[in-house]
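Below: one structure, written as structure tokens.
Values quoted throughout were computed directly from the atomic coordinates according to the rules given, and no laboratory measurement underlies them. Computed from a prediction, not measured in an experiment: that's the story for all the values here. A quick note on method: Cβ atoms are made from the backbone with ideal geometry, for glycine too, and the neighbour counts reach across all protein chains shown.
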Amino acid sequence: DDPLVELHEVIVLELFDARGGATINASRSTMSLTILYDDQAAGTADRFYNYFAEPNPGTNPGANNTVHSVALYLNPLSPHYGKALIGGDFLGVNAVVRNRIARLDFFGSVDTTFNPGTGADGSVSALAIQPDDKILVGGSFSSINNLPRGGIARLNQNGSLDAGFAVGAGVVGTVYAI
């Protein structure tokens, strides 16, 4: 036991120094034992959301830094219904590079059909999904996908920057809500 919050604890077991005439097969002398859901994080409730499995590589699935904003696709007619957008200070989610904005599927895996390119160069603190599934993004960034967008931008459904949404120099300061 340790004070770390971990989804799975892996312990390596090794057999050695056999006695009484016993032998140990060298290729089978070391094995791994995995304790599932060891030391779960506070508030953990659903073991099937963002679980440790092939779609979520790494030992601790999720964003690798703070998430400041979440927006849900609530329109049942949207092809993205049930998915969620997250924005914050992270640079990756589930070991997939996503600079400060990502879309997650219903089970918490990164939706790779949504690709914001190089993402935001500063914190994303506000998200809103329009009826056409375009995404308004606000925060303290100065560019998205290496194009100037001072604190506010709009993305297409696939994560690309919507070039038709231009607000000039943008905002002075940080956008906290949309």
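At what distance in angstrom do the alpha carbon centres of segment 140-159 and segment 84-133 lie from each other? Their Cα centres are 12 Å away from one another.
Protection proxy ranking, highest mean first, for peptides 18-26, 160-168, 130-138: 130-138, 160-168, 18-26, where packing is the per-residue count of other beta-carbon atoms within 10 Å, averaged.
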